[in-house]
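Just below is one structure, and these are the notes that go with it.
The values are calculated or read from the model by the stated rules, or taken from the named source; none is laboratory data. Predicted model, so just to flag it, every value in this text is computed and none were measured. Note that each Cβ is placed from the backbone with ideal geometry, even for glycine, and that neighbours are counted across all protein chains shown.
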């Protein structure tokens, strides 16, 4: 028996004799902690609303860095830029702070949690991922696909402490130690979805539901000019970091897809983006080429049985160059 | 039977007296079971416990950190995940184990950076205090893996701190005394019971058989 154990045994006897709680030995190998508590998550959402209101009222994207990060910051800065350049107005975005919080357990930073909540004054809901990169940084919203108000989000798997089971990217397994049981890793599924967006006749076309995002993106592509302009489009999936296990064994995958539209103008011709959002970047018609970069954040639902589909998305034009 | 019961009560009473006295003396009138003062030094910015050191939950602990010349000190208790990230890549002294009541083993954790921010503005401390010369925290040992950190709030390297630890149990002193009194009552009661049994044992013993058979008189079965 070690001296520490003997000491605590003595302390246990003394405290028991004195009528108080006896020291209990902890699970030494469990060093993880919940990403957040409900109360702390609510404070994060309240702070987001406060700063976001200032940002939206002033149409000033500079303060967005205090509350957003990653590709979402890029998207929302782009949207604010368009709003300012094109003279568009929009009501400040405001989160209902009483939404559902899905928080997992982590043994190291970064920490993250997801808030499924209503957008105040709108029909849409948002599945917002908040991440905390380090112990000295603040919580930032990094992903925020929007869901139709009627979209049903399936039940989420929880561990013995009621915390959400999340995907351990490094270990390629669920946080409860179980293998994913999915037909492919979340990253592979998102890569295949991106391939399907780029190539409608991809070998993966039967592996996914023809969801509204796929349909919308194909319609947009079909509307692109084909006369005197050579148009091409590429899709690329960014690294998947946030995945929640569903109670049916499936997964909710937060994914970011980068879309690049390229216009190669034939000599003697020009392309004009008047009336389109890209006009915020180009004041004159372009005679050579243009490259528009869009970022889309999607929520890919992978059922335990059945084909995956995108149930939510948020994105926009984040950059444009041309001559 | 009564004699054995009496002795049992006497022994139980004596045990209660001993336990109560030990508890009362150990915790004292301020209800604190206090360790001595231990000095820790670090070439880095902090002294922190390893997660295995506070491997028990339940009791309420009081920690006091003091520095010489009223130098500023921050004392905090945080979840190991937060503390480990906070001190990541920083040099500090780690308390690896405690051999109660007096011996601590430490190791040097190397690092080339300072924490990215001062400790005072962080929101994840479970409990914390800072001050000039001393800081004090009181907290129940939680189920989670927690670390104790004593750190220079201005993150200056070269850190020396004296730490005193105490286990607090409200009412322990009075409880100990009450237990001793109960033990006295039990022991006296047991002694009286034992003594009463002994007094009865001093009376002349009654004959084992009231019917005395005369020698030579035939018994009921006709035998002599």
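Rundown of residues vs (1) surrounded by fewer than 21 Cβ atoms within 10 Å (Cβ to Cβ); (2) out of contact with any strand residue (DSSP E or B) (no Cβ under 7 Å at 6 or more places or on another chain); (3) under 30 Å from residue A:266 (Cα atoms); (4) modelled with pLDDT of 95 or more, yes/no style:
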| position | (1), (2), (3), (4) |
| --- | --- |
| A:282 | yes, no, yes, no |
| A:285 | yes, no, yes, no |
| A:293 | yes, no, yes, yes |
| A:296 | no, no, yes, yes |
| A:306 | yes, yes, no, no |
| A:309 | yes, no, no, yes |
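Being more than 11 Å from every other protein chain (Cβ to nearest Cβ), part of a loop (DSSP other than H, G, I, E, B) and in contact with a helix residue (DSSP H, G or I) (Cβ under 6 Å, 6 or more places away or on another chain) is the filter here, so list the residues in the range B:108-152 that pass it.
Selection gives B:133 alone.
Would you mind telling me which numbered condition in (1) closer than 26 Å to residue B:79 by Cβ; (2) without any contact (Cβ under 8 Å) to a residue 60 or more places away in the chain residue A:36 fails?
Here residue A:36 meets the rest and fails (2).
I'm trying to understand the selection: among the residues of the range B:153-169, which are within 14 Å of chain A (Cβ to nearest Cβ) and in a strand (DSSP E or B)?
Selection gives B:165, B:166, B:167, B:168.
State which residue is surrounded by the fewest Cβ atoms within 10 Å (Cβ to Cβ) when the search covers only the range A:99-121 and only residues that are touching a residue at least 60 places away in the same chain (Cβ under 8 Å) and farther than 13 Å from residue A:44 by Cβ.
Filtering the range A:99-121 for residues touching a residue at least 60 places away in the same chain (Cβ under 8 Å) gives A:101-107, A:111-115, A:117.
Subsequent filtering for residues that are farther than 13 Å from residue A:44 by Cβ retains A:102, A:104-107.
On the way: A:102: 24, A:104: 27, A:105: 19, A:106: 21, A:107: 14.
Ranking the candidates gives A:107 first.
In the range B:37-60, how many residues are within 30 Å of residue B:111 (Cα to Cα), surrounded by fewer than 21 Cβ atoms within 10 Å (Cβ to Cβ) and under 19 Å from the mean Cα position of the chain (by Cα)?
Residues in the range B:37-60 being within 30 Å of residue B:111 (Cα to Cα), surrounded by fewer than 21 Cβ atoms within 10 Å (Cβ to Cβ) and under 19 Å from the mean Cα position of the chain (by Cα): 6 in total.
Taking the range B:167-188 only, how many residues are farther than 14 Å from residue B:15 by Cα and surrounded by fewer than 20 Cβ atoms within 10 Å (Cβ to Cβ)?
The qualifying residues number 4.
Working carefully through the options A:258, A:229, A:243, A:265, find the one that is touching a helix residue (DSSP H, G or I) at 6+ places or on another chain (Cβ under 7 Å) and either surrounded by 14 or more Cβ atoms within 10 Å (Cβ to Cβ) or modelled with pLDDT of 95 or more (or both).
Numbers: A:258 fails: touching a helix residue (DSSP H, G or I) at 6+ places or on another chain (Cβ under 7 Å); A:229 fails: touching a helix residue (DSSP H, G or I) at 6+ places or on another chain (Cβ under 7 Å); A:265 fails: touching a helix residue (DSSP H, G or I) at 6+ places or on another chain (Cβ under 7 Å).
When all the criteria are applied, what remains is A:243.
Any residue at all in the range B:1-19 that's outside any helix (DSSP H, G or I) and more than 9 Å from chain A (Cβ to nearest Cβ)?
Here is the first cut: in the range B:1-19, the ones outside any helix (DSSP H, G or I) are B:1.
Okay, now just the ones that are also more than 9 Å from chain A (Cβ to nearest Cβ), so B:1.
Looking for residues that are outside any helix (DSSP H, G or I) and more than 9 Å from chain A (Cβ to nearest Cβ), one finds at least one in the range B:1-19, hence yes.
Which residues, counting only those in the range A:163-183, are in contact with a helix residue (DSSP H, G or I) (Cβ under 9 Å, 6 or more places away or on another chain) and at pLDDT 95 or above?
Scanning the range A:163-183 gives a single hit, A:167.
Given the criteria away from chain B (no Cβ under 14 Å), buried (at least 21 other Cβ atoms within 10 Å of the Cβ), within 21 Å of residue A:294 (Cα to Cα) and touching a residue at least 12 places away in the same chain (Cβ under 8 Å), does residue A:70 qualify? Write out each step before concluding.
On the way: away from chain B (no Cβ under 14 Å): yes; buried (at least 21 other Cβ atoms within 10 Å of the Cβ): no; within 21 Å of residue A:294 (Cα to Cα): yes; touching a residue at least 12 places away in the same chain (Cβ under 8 Å): yes.
The answer is no for residue A:70.
Of everything in the range A:23-59 that's within 10 Å of chain B (Cβ to nearest Cβ) and modelled with pLDDT under 85, which residue is nearest to the chain's Cα centre (by Cα)?
A:30
Identify, by number, the condition in (1) at pLDDT 90 or above; (2) crowded, with 16+ Cβ neighbours inside 10 Å; (3) more than 21 Å from residue A:239 (Cα to Cα) that residue A:209 doesn't meet.
Every condition holds for residue A:209 apart from (2).
Of the numbered conditions (1) facing chain A (nearest Cβ under 10 Å); (2) surrounded by fewer than 15 Cβ atoms within 10 Å (Cβ to Cβ); (3) touching a residue at least 40 places away in the same chain (Cβ under 8 Å), residue B:99 satisfies every one except a single condition; which is it?
If we test residue B:99 against (1) facing chain A (nearest Cβ under 10 Å); (2) surrounded by fewer than 15 Cβ atoms within 10 Å (Cβ to Cβ); (3) touching a residue at least 40 places away in the same chain (Cβ under 8 Å), just (3) comes out false.
Look through the range A:122-160, keep the residues that are over 27 Å from residue A:309 (Cβ atoms) and touching a residue at least 60 places away in the same chain (Cβ under 8 Å), and return whichever of them is surrounded by the fewest Cβ atoms within 10 Å (Cβ to Cβ). Break it down into steps so the answer makes sense when it comes.
Within the range A:122-160, the subset over 27 Å from residue A:309 (Cβ atoms) is A:132-140, A:160.
Applying the additional criterion that residues be touching a residue at least 60 places away in the same chain (Cβ under 8 Å) yields A:132-133, A:138-140.
On the way: A:132: 24, A:133: 17, A:138: 14, A:139: 24, A:140: 23.
Filtering first and then ranking leaves A:138.
Looking only at the range B:79-94, filter to residues that are in a strand (DSSP E or B) and more than 12 Å from chain A (Cβ to nearest Cβ); which one of those is surrounded by the fewest Cβ atoms within 10 Å (Cβ to Cβ)? Steps first, answer last, please.
Applying the first criterion (in a strand (DSSP E or B)) to the range B:79-94 yields B:79, B:92-94.
From what's left, more than 12 Å from chain A (Cβ to nearest Cβ): B:92-94.
Details: B:92: 22, B:93: 22, B:94: 20.
It comes out as B:94.
Return the residues of the range A:118-149 that are out of contact with any strand residue (DSSP E or B) (no Cβ under 9 Å at 6 or more places or on another chain) and more than 14 Å from chain B (Cβ to nearest Cβ); say none if nothing qualifies.
Of everything in the range A:118-149, those that are out of contact with any strand residue (DSSP E or B) (no Cβ under 9 Å at 6 or more places or on another chain) and more than 14 Å from chain B (Cβ to nearest Cβ) turn out to be A:121, A:123.
So which of B:65, B:71 is at pLDDT 85 or above and closer than 20 Å to residue B:109 by Cβ? First the steps, then the outcome.
Numbers: B:71 fails: closer than 20 Å to residue B:109 by Cβ.
Within the list B:65, B:71, the selection yields B:65.
Tell me which residues, restricted to the range B:22-34, are crowded, with 16+ Cβ neighbours inside 10 Å and within 11 Å of chain A (Cβ to nearest Cβ).
Here is the first cut: in the range B:22-34, the residues crowded, with 16+ Cβ neighbours inside 10 Å are B:22-24, B:26-27, B:31-34.
Matches in the range B:22-34: B:22, B:23, B:24, B:26, B:27, B:31, B:33.
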